[in-house]
Amino acid sequence: MGPLTVSPMGFGTWAWGNQLLWGYQPSMDSQLQQVFNLAVENGINLFDTADSYGTGRLNGQSEKLLGKFIREFQGEKRIRDEIVIATKFAAYPWRLTSGQFVQACRASRDRMQIEQIGIGQLHWSTAIYAPPQELALWNGLVAMYEKGLVKAVGFSNYGPKQLVKIHDYLKARGVPLCSAQVQFSLLSMGEDQMEIKNICDCLEIRLISYSPLGLGMLTGKYTPSRLPQGPRGLLFKQVLPGLKPLLVSLREIAEKRCKTIPQVAINWCICKGTIPIPGVKTVKQAEENLGALGWRLSSNELLQLDYAAQESPRRMIQNIFQTK
């Protein structure tokens, strides 16, 4: 991934500090540290976060926890030094200049107490609702890269057209674009997502696929009569009834492979040439996600899953911030 070497799968930390959607409590921190240690000890070195992860007074909690866990990691120094933190900077309406964006980057670095951030990413584009702000955000990426605050730069939630624009702009400024992060899974493989993937391949940008398990809809744990609590339950109620063909195929392949449904869904993302970053809250989830590594779906299995996804009448709702 640009100048960095990362594992074929990373872990997402959206839930680390988010009480509203994921039910975070500070009492979970000890288990989250076990999750982090288990991941790193098993070769995972990419962790995705954001300066907006954490609700209310816990804003930035995900970054704080990651920094703490890195400092307290008891393993080899070489392994600790290879950890890559990819954090995203929110395009808040008050961040109107490149200097304010650089300030946000310094704040993230201070929260994590690290010398240099692995990948600094724009969390979303403002092209749809505040076009003048967009150039300031791009210049902010350039500035944080030139000042050595980040080793590489990337972005999140950019559509195909805006992706090409930011790539060309950064290239003209001498800043390589190393990653593009979008919602990419068997639930969100529409025309735009596949076009983004093709463009990334052509421009040698690595695609990071967030929500590879569709917020949990591709785990096999939930049914229309057994839904998660909170806001996710409302979304699941709309989408799950139309996922039967896909879930049946996932279960069939999982049983044949002696794998679990989430492991098959994550492996599909890897086989498509992306780096999935499933979210983790528990040691059990981390252990299961690690089982997605070390093997590959066959071409026939990939075709079966692609067809099942197309036959399923419902899709994941695309992020409202993704541009065209």
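The values are calculated or read from the model by the stated rules, or taken from the named source; none is laboratory data. Treat the numbers as computed from the prediction; the structure is a model and nothing was measured. Positions of Cβ are backbone-derived with ideal geometry, glycine not excepted, and every protein chain shown enters the neighbour counts. Note: areas computed on protein heavy atoms with side chains; ligands, DNA, RNA excluded. Shrake-Rupley method; radii C 1.70, N 1.55, O 1.52, S 1.80 Å.
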| request: Just need a number here: residues in segment 1-22 that are among the hydroxyl-bearing types (Ser, Thr, Tyr) and under 14 Å from the mean Cα position of the chain (by Cα). | output: 2
| request: Kindly provide the set of residues from segment 77-90 that are open to solvent by 40 Å² or more (accessible area, probe 1.4 Å) and touching a Ser or Thr at 6+ places or on another chain (Cβ under 8 Å), ordered by number. | output: Glu82
| request: Please go through segment 145-159 and pick out each residue that is surrounded by 20 or more Cβ atoms within 10 Å (Cβ to Cβ) and part of a helix (DSSP H, G or I). | output: Tyr145
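Asp81 - would you say it is more than 20 Å from Ala286 (Cβ to Cβ) and in contact (Cβ under 8 Å) with a residue 24 or more places away in the chain? Explain how you work it out, then say what you get.
Working: more than 20 Å from Ala286 (Cβ to Cβ): yes; in contact (Cβ under 8 Å) with a residue 24 or more places away in the chain: no.
Criteria not met by Asp81.
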| Failed condition for Tyr145, given (1) closer than 19 Å to Ala50 by Cβ; (2) out of contact with any strand residue (DSSP E or B) (no Cβ under 8 Å at 6 or more places or on another chain) | (2)
| request: Determine if segment 136-154 includes at least one residue that is more than 18 Å from the chain's Cα centre (by Cα), over 17 Å from Trp16 (Cβ atoms) and free of Cβ contacts under 8 Å to residues at least 12 places away in the same chain. | output: no
| said: Would you confirm, using the coordinates I've provided, whether Leu303 is part of a helix (DSSP H, G or I), among the aliphatic types (A, V, I, L, M) and modelled with pLDDT of 95 or more? | reply: yes
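Can you tell me which residue among Lys147, Lys151 is closer than 24 Å to Met112 by Cα, touching a helix residue (DSSP H, G or I) at 6+ places or on another chain (Cβ under 8 Å) and of a type in the set (D, E, K, R)?
Lys147
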| task | Would you mind stating whether Pro93 is outside any loop (DSSP other than H, G, I, E, B) and loosely packed, with under 14 Cβ neighbours inside 10 Å? | result | no
| request: Given the conditions (1) closer than 21 Å to Met28 by Cα; (2) crowded, with 20+ Cβ neighbours inside 10 Å; (3) not hydrophobic (A, V, I, L, M, F, W, C), report the number of the one that Gly67 does not fulfil. | output: (2)
| field | Qualifying positions in segment 223-263 - loosely packed, with under 14 Cβ neighbours inside 10 Å, among the hydrophobic types (A, V, I, L, M, F, W, C) and not in a helix (DSSP H, G or I) | value | Cys258
| query | Looking at Met112, is it farther than 20 Å from Tyr53 by Cα, of a type outside the set (D, E, K, R) and open to solvent by less than 10 Å² (accessible area, probe 1.4 Å)? | reply | no
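Touching a Pro at 6+ places or on another chain (Cβ under 8 Å), open to solvent by 20 Å² or more (accessible area, probe 1.4 Å) and not aliphatic (A, V, I, L, M): is that true of Glu288 in this structure?
Spelling it out, Glu288 is indeed touching a Pro at 6+ places or on another chain (Cβ under 8 Å), open to solvent by 20 Å² or more (accessible area, probe 1.4 Å) and not aliphatic (A, V, I, L, M).
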| message | Can you pull out every residue in segment 160-210 that is β-branched (Val, Ile, Thr), within 16 Å of Thr274 (Cβ to Cβ) and open to solvent by 10 Å² or more (accessible area, probe 1.4 Å)? | response | Ile199
| Is it the case that some residue within segment 23-42 is touching a residue at least 12 places away in the same chain (Cβ under 8 Å), over 18 Å from the mean Cα position of the chain (by Cα) and surrounded by 23 or more Cβ atoms within 10 Å (Cβ to Cβ)? | yes
| Within segment 211-222, restricting attention to residues that are assigned to a loop (DSSP other than H, G, I, E, B) and free of Cβ contacts under 8 Å to residues at least 60 places away in the same chain, which residue is most open to solvent (accessible area, probe 1.4 Å)? | Lys221
| note | Within segment 264-276, residues open to solvent by 10 Å² or more (accessible area, probe 1.4 Å) and not in a helix (DSSP H, G or I) come out as Lys272, Gly273
